[in-house]
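Below is one structure; the comments refer to it alone.
The values are calculated or read from the model by the stated rules, or taken from the named source; none is laboratory data. For clarity, every value in this text was computed on a predicted model and none was experimentally measured. Cβ sites come from the backbone with ideal geometry, for glycine too, and all protein chains shown count toward neighbours.
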Amino acid sequence: MRFDAIVIGSGMGALCAAALLAADGLQVAILEQNWLPGGCTSSYWRKGFVFEAGATTLVGLDPGMPLWAVLQRTGIQIEAVPLQIPMQVHLSNGDTVTRYQDLDEWIEEAARAFGKHNQRPFWEFCYQVSQFVWRTSLRQTAFPPTSIGDWMQCILKITPEQFWYARYAFFSTEWLLKKFGLHRNRLFTKFVNEQLLITAQNYAPQVNVLFGATALCYTNFGNYYVNGGLINLVKPFVNYIEQKGGKIFLRHKAIAIHWSKEGYRVVAQVKGKEKVDFLGKFLISGIPINNTLPLFNGHMPYKISKRIEKLKKLTMPSNMLNSAFQVGIGFRPHQHLTCIHHQIHLQEPLPEIGSQSIFLSVNHPEDALRSDVPGLAVASISTHVHHPAARMHFDKSVVEQAILERLAALDLIRPDTIIYIHSSTPAAWEKWTQRQFGFVGGYPQYMHIKPWQMLEARLDGYKAYLCGDTTYPGQGIPGVALSGIIAYEKLRRDWL
Ligand SMILES: Cc1cc2nc3c(=O)[nH]c(=O)nc-3n(C[C@H](O)[C@H](O)[C@H](O)COP(=O)(O)OP(=O)(O)OC[C@H]3O[C@@H](n4cnc5c(N)ncnc54)[C@H](O)[C@@H]3O)c2cc1C
């Protein structure tokens, strides 16, 4: 089958790139190995409940942010409900901190919980940096620059403030805490570290100020909820691409990419059936670089195979990555929660996996689409599993038990209200997404990798491009949406 572009994977990064190509009139084929689109941003039905596959929080729909930009360009409509209170954090000292969106309200709350000392200047600085980062991200879509064209684009769009802020890529969030004299505030540093882990996938010493400040201010931008689960963020993208003449092929796993000057032949294994060849002038891989590179197969010009080999050396191994342990619960709520997202710090690290916090999301109380029986609720709980290759399988029941005890102690979910519960290890993530070692959440931030050293969208240096959460800036839905925009922009500038 012949298309203009073959897109591997239907994660949010790939869907953004595919939708933008479709808007330009290109016929796109999306190959998805799973029976559902969306990857880590998806939802599945089980035992009368709709569970989130991975992501639960959603930002990026405010004007000037990546998802907003894709929706503007394509006209895709998403029905999203803004959240009044984006998140609550349950600290290990028993206090609960409400992460208000309004900056002043949040600073007041932070000062109450962590002490007045320098909370205001710290958060005002972080917010200023995060506003700069979002302002710049859609302006500098040639970033990181790797061709003469990219450099020209970057130079044309450079502003004095970009020079000013660039230096913060050399300083860590730990340095920032010291600068504001907050590094000895144990409660606050733990709060910062656990917040960074869910947004930047690493702790303050490894997260540069640009990413760190943006990650910490995640809740100071519009947070949204999609009724029926995040599959309803994904479906409008798929519908749009199909209306434009593209097609999504579910249960089609790309197993090889053959290169030729005319384009790419991608071999897909159809689940339980034969292999099918897809031909495309362009290729977009929306799966992790760890999974993409081994697909390159057969004869390639020396320059391209050398590039693929060089990229292989840059892929992160398991000990630099994280996976997730997840618990899905269908229950009868005993109270009305004013906030649907909760980060919960633990008094003791979790058995088997050692993580120090869990993240709980419940459905919006006005969303009737998440359970077959009115009045029931759904909870998705996740926690990090560092170095997943070493922890593919473990005793799920002890981790599940420790999580349930903490939820009961906080009176968030009572054990006697649980109707259905299931949990999953990194092995389940590997099966669901095919991601190597079941690693999820993207490449974590590391201080030795500056933003301009992150993997860029050009894959083979020819007509293949990469997006998703292992490519710049690639973390969470807003990050992968931006990576999809950048892959599309680079392809368009290079060839269209
Ligand atoms: C537990 C958890 C909680 C999270 N919470 C949040 C959150 O609250 N907010 C947020 O913004 N982000 C969150 N994230 C991160 C976010 O979900 C991901 O970073 C993002 O969805 C990844 O998108 P992606 O474009 O990289 O593709 P992926 O989601 O990785 O999708 C890739 C797709 O490609 C398919 N695929 C893989 N190999 C092949 C192949 N060979 N052939 C065909 N198809 C293939 C997979 O099945 C998958 O559908 C969370 C992630 C996890 C795991």
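Quick look at the values:
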quantity: Filtered residue count, segment 54-67, keeping only those that are closer than 29 Å to Gly280 by Cβ and within 8 Å of the ligand (Cβ to nearest atom); calculated: 3
quantity: Residue in segment 317-332 that is farthest from Pro444 (Cα to Cα), counting only those that are surrounded by 18 or more Cβ atoms within 10 Å (Cβ to Cβ) and not aliphatic (A, V, I, L, M); calculated: Phe331
quantity: Condition met for Ala402 (outside the structural domain of Gly286 (by TED's automatic domain parsing) and surrounded by fewer than 16 Cβ atoms within 10 Å (Cβ to Cβ)); calculated: no
quantity: Residue selected from segment 21-40 under the condition surrounded by fewer than 21 Cβ atoms within 10 Å (Cβ to Cβ) and within 14 Å of the ligand (Cβ to nearest atom), by the criterion nearest to Ala268 (Cα to Cα); calculated: Trp35
quantity: Pair list, Cβ under 7 Å, 6 or more apart: segment 265-293 residue closer than 25 Å to Leu20 by Cβ and outside the structural domain of Ser483 (by TED's automatic domain parsing), other residue surrounded by fewer than 19 Cβ atoms within 10 Å (Cβ to Cβ) and aromatic (Phe, Trp, Tyr); calculated: none
quantity: Single match in Val89, Val70 (criterion: within 16 Å of the ligand (Cβ to nearest atom), assigned by TED's automatic domain parsing to the domain that holds Tyr264 and not aromatic (Phe, Trp, Tyr)); calculated: Val70
quantity: Residue in segment 386-404 that is farther than 21 Å from Gln195 by Cα, hydroxyl-bearing (Ser, Thr, Tyr) and part of a helix (DSSP H, G or I) present; calculated: yes
quantity: Members of segment 239-263 found to be surrounded by fewer than 22 Cβ atoms within 10 Å (Cβ to Cβ) and under 16 Å from Gly9 (Cα atoms), listed by number; calculated: Asn239, Glu242, Lys247, Ile248, Phe249, Leu250, Arg251, Lys253, Ile255, Ala256
quantity: Of all residues in segment 405-433 being under 23 Å from Ile340 (Cβ atoms) and free of Cβ contacts under 8 Å to residues at least 24 places away in the same chain, the one that is surrounded by the fewest Cβ atoms within 10 Å (Cβ to Cβ); calculated: Asp416
quantity: Considering residues of segment 412-459 that are part of a helix (DSSP H, G or I) and among the polar types (S, T, N, Q) only, the residue nearest to the chain's Cα centre (by Cα); calculated: Thr433
quantity: Count of segment 356-369 residues which are buried (at least 22 other Cβ atoms within 10 Å of the Cβ) and either under 16 Å from Gly229 (Cα atoms) or among the small types (Gly, Ala, Ser) (or both); calculated: 4
quantity: Near pairs, Cβ below 6 angstrom, 6+ apart or cross-chain, from segment 469-490 (assigned by TED's automatic domain parsing to the domain that holds Met454 and modelled with pLDDT under 95) to any residue that is buried (at least 24 other Cβ atoms within 10 Å of the Cβ) and assigned to a helix (DSSP H, G or I); calculated: Pro473/Gly479; Pro473/Leu482; Gly474/Val480; Gly474/Ser483
quantity: Enumerated helices (runs of 4 or more DSSP H) restricted to segment 54-161, each holding at least 1 residues that are within 28 Å of Asn232 (Cα to Cα) and either among the small types (Gly, Ala, Ser) or out of contact with any strand residue (DSSP E or B) (no Cβ under 6 Å at 6 or more places or on another chain) (or both); calculated: 66-74, 119-137
quantity: Pick from segment 162-174, criterion in contact with a helix residue (DSSP H, G or I) (Cβ under 7 Å, 6 or more places away or on another chain) and assigned to a helix (DSSP H, G or I), ranking: farthest from Trp68 (Cα to Cα); calculated: Glu174
quantity: Residue list for segment 442-463, restricted to those being within 14 Å of the ligand (Cβ to nearest atom), farther than 16 Å from Asp150 by Cβ and out of contact with any Gly (no Cβ under 6 Å at 6 or more places or on another chain); calculated: Tyr443, Pro444, Gln445
